[in-house]
Amino acid sequence: MTDILPVHYLDYLPIWAVFLLSIIFLFGFSEIGSRIGRRRQSTDMGESSQSEVIMGALLGLLAFMLAFSFGIAEARYEARKQAVLDEANAIGTTWLRSRMLPAPHSSQILPLLKRYVDMRIAGAGSESVEELREALDHSTELHEKLWRHVVTLGRDHSRSITLGLFIDSLNDVIDLHETRVTIAHYRMPTSIWVALYLIAFAAMTMVGLHAGLSGGRSLLVTVLLTATLAMAISFVIDLDRPSQTLFSVSQQSLMDLRETMDHPAR
């Protein structure tokens with residue numbers, strides 16, 4: 001299962017490193033534009049006015065790309081949250097129905113479901129793509145172990161209504177596992193990231209160029225603009241990642257289910 005999740009080059013960097021590198025590159029392009037502007041500085045207001053118009057257009061295009069990218073990433077984030085709730089409900093139903101199965105399967109399935117919930121929670125808290133892949137591998141192994149009980153029970157109780165209900169809920173658990181993997185697999189296309197960064201670099205270059213031509217560059221304003229753009233881009237990158245840092249999807253529904261498994265209502 002080495003290719004179960006797509007990996008972008010930015011995924012190997014912690015989000016704080018993405019933020020710092022974005023600041024460095026954005027500020028660097030602004031500095032390049034400023035130096036070019038100072039060398040071409042003249043009293044001709046036409047060139048300065050033209051650079052101002054181009055700068056405004058590029059900043060507007062950058063704002064559009066950020067909003068577009070954020071919309072895509074935010075939709076995936078909402079889908080991840082809904083998938084967690086659906087999965088918790090499916091596992092809870094499977095757990096309740098497993099308690100009606102004949103011994104010794106009922107007592108053997110319960111620990112497997114507990115481990116499965118623990119693995120899902122641990123996978124969501126993974127700090128790297130490798131840890132997430134390992135958690136998904138273990139989840140698949142638990143699917144196999146749970147299904148072996150279904151096969152054994154099917155031989156001995158092929159007409160059992162209870163078994164049929166358990167099989168339906170277990171199928172839902174397996175399907176929702178695939179749903180969560182599929183949602184994680186749908187990432188922002190690389191072409192959008194390339195376009196976003198190219199537009200950001202071009203916009204910052206024009207900001208520096210205009211400042212250099214007009215001779216009124218403010219270092220504080222440039223730093224603030226650079227940091228703001230870097231922060232916005234970092235937010236979008238974190239929303240797009242399967243293992244998120246700033247906008248992690250709450251696993252509270254799975255945690256509540258795990259607590260209920262340990263202390264079922266009497």
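Applying the selection to the stretch 38-91, what residues are open to solvent by less than 60 Å² (accessible area, probe 1.4 Å), over 30 Å from A124 (Cβ atoms) and at pLDDT 85 or above?
Correct list: M55, G56, L58, L59, G60, L62, A63.
Residues being open to solvent by 40 Å² or more (accessible area, probe 1.4 Å) and among the polar types (S, T, N, Q): count how many of those fall in the stretch 103-129.
Count: 2.
Please determine whether any residue of the stretch 146-168 is closer than 30 Å to L58 by Cβ and polar (S, T, N, Q).
Looking for residues that are closer than 30 Å to L58 by Cβ and polar (S, T, N, Q), one finds none in the stretch 146-168, hence no.
From the residues in the stretch 247-266 that are among the hydroxyl-bearing types (S, T, Y) and not in a helix (DSSP H, G or I), which one is modelled with the highest pLDDT?
In this case the residue turns out to be S250.
Contact list please: Cβ distance under 7 Å, first residue in the stretch 65-77 and part of a helix (DSSP H, G or I), second residue open to solvent by 40 Å² or more (accessible area, probe 1.4 Å), pairs at least six apart or on different chains.
Taking only residues 6 or more apart or on different chains, the pairs are R76/Y186; Y77/F247.
Hey, among L170, L142, L176, L196, which residue is touching a residue at least 40 places away in the same chain (Cβ under 8 Å) and under 16 Å from S98 (Cα atoms)?
One residue alone meets the criteria, L170.
Does the stretch 176-207 hold any residues that are in contact with a helix residue (DSSP H, G or I) (Cβ under 8 Å, 6 or more places away or on another chain) and closer than 24 Å to L112 by Cα, and which are they?
Hits for the stretch 176-207 are L176, H177, T179, R180, V181.
Under 7 Å between Cβ atoms, which residue pairs at least 6 apart in sequence (or on different chains) link something in the stretch 7-20 that is modelled with pLDDT of 70 or more with a partner that is surrounded by 12 or more Cβ atoms within 10 Å (Cβ to Cβ) and among the small types (G, A, S)?
Listed by first residue and then by second, the contacts come to I15/S234; V18/S234; F19/A230; F19/S234.
Out of (1) hydrophobic (A, V, I, L, M, F, W, C); (2) over 14 Å from L66 (Cβ atoms); (3) modelled with pLDDT of 90 or more, what's the single condition that is false for L229?
All conditions pass for L229, except number (2).
Among A122, A103, which is the only one that is modelled with pLDDT under 85, among the aliphatic types (A, V, I, L, M) and more than 24 Å from L239 (Cα to Cα)? I'd like the intermediate steps shown before the answer.
Details: A122 fails: more than 24 Å from L239 (Cα to Cα).
Just a single option satisfies the conditions, and that option is A103.
Given the conditions (1) part of a helix (DSSP H, G or I); (2) open to solvent by 60 Å² or more (accessible area, probe 1.4 Å); (3) touching a residue at least 24 places away in the same chain (Cβ under 8 Å), which single one is not true for M100?
Failing condition for M100: (1).
The values are calculated or read from the model by the stated rules, or taken from the named source; none is laboratory data. If you're wondering where the values come from, they're calculated on a predicted model, not measured in any experiment. Because the Cβ atoms are built from the backbone with ideal geometry, glycine has one as well, and the counts that use them run over all protein chains shown. All accessible areas refer to the heavy atoms of the entire protein, side chains included, with ligands and DNA or RNA removed. Shrake-Rupley method; radii C 1.70, N 1.55, O 1.52, S 1.80 Å.
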